[in-house]
1. For segment 102-137 and segment 187-227, compute the distance between their C-alpha centroids and round to whole Å.
2. Among the listed pairs 10/331; 190/400; 210/271; 318/391; 271/339; 83/271, which have their C-alpha atoms separated by more than 27 angstrom in this model?
3. Mind listing which GluC sites (Glu not before Pro) in segment 282-390 are in a DSSP loop and have 13 or fewer other Cβ atoms within 10 Å?
4. I want to verify a result. In a Gaussian network model of the chain, Cα cutoff 10 Å, which of these has the top mean-square fluctuation: 142, 152, 209?
5. Starting from the Kirkwood radius over alpha-carbon pairs of segment 1-54, derive D by Stokes-Einstein at 4 °C in a medium of 1.567 mPa s and give it in µm² s⁻¹.
6. Given a cut-off of under 8 Å on Cα pairs at least six residues apart, what relative contact order in percent is computed for the chain?
7. Show which lysines lie in cross-link reach of residue 187 when reach means a straight Cα distance below 22 angstrom and same-chain residues fewer than eight apart are skipped.
8. Cα axis of helix 206-218 to longest principal axis of the chain: angle in degrees, 0 to 90, nearest 10?
Amino acid sequence: MLGRKLGRSKQARVTLIDRNSTHLWKPLLHEVASGALDSRMAELDYRGQSARYGFEFLLGTLESVDKAKKTIQLAAIRDDRGKEVLAARNLSYDRLILAIGGVTADFGTPGVKEHSHFLDSLRQADQFHHYLLNEFLRVNQSIEDGNQTKLSLAIVGGGATGVELAAELIHSVSLLSIYGLPYLDQKHLKVCLVEADKRLLPALPERLSKSVAKKLKSLGVEVILNNPVSEVTENTLVLAEGEPIQADLIVWAAGVRAPDVVKEWGLQLRKNNQILVNPYLQTVSDESIYAIGDCAACRIDDERWVPPRAQSAHQMAKSLYRNIVRDYRLKAPKPFVYKDRGSLVSLSRFTAVGNFMQSKSLSMSLEGTAARWAYASLYRMHQRVLHGWWKMFLLLMVDKLNRVVKPRLKLH
């Protein structure tokens, strides 16, 4: 938005820096992990986007911030063999906007980093998908050889990512017989979803949370509530209560925090590494540095903070864009006000649930087909922001055609 408004007219030099050359909407990562989505069909190329919309793109990883000199340092870029492609670089700024997202929190649980898969990035989702395909092949062959083998998958975290991944895995296995793996079916699959809280999906009304748990159980997912994981060892979840859970693959999808690197930038943080910001999304440490999205800690009131959701990041970005434009027009900024629009959760092709917040006291719940349509529209609205209405409709048609000519499951 800043590129279109200020970059094209040369009112400002707008630079986007990212460690990846492409963008994928983060709520789609569970579909990439399960094979329901080919990431190459949904990626956006930053360089192509920059050429269209008036901003500059630089490939790089933010390493340090010098508030006094108003400079940042980007780490050196190396190829797969460790050869340096670009040396470390220093860049100056007038305004620095940190939108580095969040990563999954392990809460200091022993063994999580060593023995679990995460879905914080496209690389991690693709890596998990690779391991999953190998397990599909192994178990299918074992069953064909006459062994009573089961594929066991454990997911820690009953938020949207964990719930949606559990459903997508069930759906993926139901398609395997079409693509030459006829022996591995839902009877030979065990998916266990573990949540430390007393219910799934705390962002949804309790009635919908119970409905989701009931649907998952009907699909064969074992749902364990109110029982935190105390340790993760190789292929094993140790619970606070009860017997350990054995699993061929473990996915950790519990909690969100900002990356550890923010600790080195001299900014005031919350306990989960989130950067403290004022009502105008400026960091409390430096008014020329802003933070938005999962990495930002912004108060709603004295007791509540803006939750780490996609809608929060979108609202923050829109608010900050408007304030920067207002500043160029010599107008005073307006404080950011978070508005909870509700939440939508998809259980693959089986169903979806959600609620829309009309006001603090009024909400509308959706289930089934209506909720699935609403969920699908979220991604289309994301595409509209990136490409505009016309290109969004073209991409919709391309996706429809790809469903006809391409496999329904990515198996490579």
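The values are calculated or read from the model by the stated rules, or taken from the named source; none is laboratory data. Not measured: the values here are computed from a predicted model. Backbone-built Cβ (ideal geometry, glycine too); neighbour counts: all protein chains shown. The protein model used for the area step is the full one, side chains on, heavy atoms only, and it has no ligands, DNA or RNA in it. Shrake-Rupley method; radii C 1.70, N 1.55, O 1.52, S 1.80 Å.
1. So the two Cα centres are separated by 20 Å.
2. Working: 10/331 20 Å; 190/400 32 Å; 210/271 31 Å; 318/391 21 Å; 271/339 24 Å; 83/271 37 Å.
Beyond 27 Å between Cα atoms: 190/400; 210/271; 83/271.
3. Working: sites: 287, 303, 367; in loops: 303.
Answer in residue order: 303.
4. Of 142, 152, 209, the most mobile in the Gaussian network model is 142.
5. Numbers: Rh = 12.7 Å.
Estimated via Stokes-Einstein, D reaches 102 µm²/s.
6. Values: 728 pairs, mean separation 61.7, N = 412.
Relative contact order comes out at 15 percent.
7. Those lysines meeting the cut-off are 150, 214, 215, 217, 410.
8. Helix 206-218 sits at roughly 40 degrees to that axis.
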